[in-house]
Each structure stands twice: as structure tokens, then as C-alpha cells.
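Enquirer: Take a look at the following structure, please.
The values are calculated or read from the model by the stated rules, or taken from the named source; none is laboratory data. The model shown is predicted, which means the values in this text are computed figures rather than measured ones. All Cβ positions, even for glycine, are placed from backbone atoms using ideal geometry, and neighbour counts span all protein chains on display. These accessible areas exclude ligands, DNA and RNA; they are computed on the full protein's heavy atoms, side chains included. Shrake-Rupley method; radii C 1.70, N 1.55, O 1.52, S 1.80 Å.
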Amino acid sequence: MIDQLTVCLPDGPGKLAAMCHLLGEESIQIHALMVAETVDFGIIRVICDRPRATAQMLRERGYNAMCARVVAAEVENVPGALGHLLDRLASCDLNVEYAYTCSMGDRTVDVIKATGEPLEIKLRDSGLAFLEAKDLYEVG
């Protein structure tokens, strides 16, 4: 499993840009980003360098930031690949809260927030090969 930075941003022009500029100023590389909206705020999910330290830095600057544990799997960039991955998780009685796909270099990576107890055992029993942070980017 890997850490994903999650930030709740109030709605408004420039809020996401300001956060991204701050990450850039702190030399934090964004590897993947997903934005979901709610009525009053956006939920920003980020795969980045040093997610725990980044969450702490953002909290110190007034952001609502935390880390969540997610899984990442490299998949073939072909029709049906995500469906196959999700079938394997479902067969182990794992629920998918959310998922997104991103390109990292020449690789296609699916990032998934899965739930089900005992999570670690069920993920292992799925037979899927999950990536670690060091597999996705240089961990420093």
C-alpha cells in the first residue's frame, strides 16, 4: 500500500492553483492528481513525494490535509484492464470506495481505495501485484 495525500479545498477560483504552487515552491513533485467535487468543497487526491510530510506542511499553512492508504497497480493500457483488476478485488470481498487511473512515465497505474477486513490479507489473497512508493517514484 502507498500513502496518498488528500486535501479538502473550499470551492473558489484559484484555490487548487494556490495549493499546487505551494507544493511546487516546496519542491514536492505531483505524480498523479484527482479532483472530486462536493457541494461546498473539492476533494483533491494526490500521489506525491513525501506525502506525510506534505500533509503536515499543508496543515501548518491552514489546509485540511491528511494521508490515506491506497493500493496502486500497474495495468496494461488496453480496454477491460481496469474491469479485470476490479473483478479480482470483488472476488476477495473487497469494496472499492474510489479509483482513478494515471500515467506515470510509460506506465498506466490504477490507484484504488479499497475496504474490507482483514484488508491486508484480502489484498494478498487477490493475487494482484501492487506497487510500492519506490516503484512509482524516487522516495526521498
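Enquirer: Specify the residue that is modelled with the highest pLDDT; the eligible residues are those in region 62-84 that are among the charged types (D, E, K, R) and part of a strand (DSSP E or B). Show your work before the answer.
Expert: In the first step, residues of region 62-84 are kept if they are among the charged types (D, E, K, R); the result is 69, 74, 76.
From what is left, the residues that are part of a strand (DSSP E or B) are 69, 74.
Numbers: ARG69: 94, GLU74: 90.
Checking each candidate, the answer is ARG69.
Enquirer: Please state which of the following conditions SER126 fails to meet, knowing it meets all the rest: (1) farther than 20 Å from CYS48 by Cβ; (2) at pLDDT below 90; (3) open to solvent by 60 Å² or more (accessible area, probe 1.4 Å).
Expert: SER126 satisfies every listed condition except (3).
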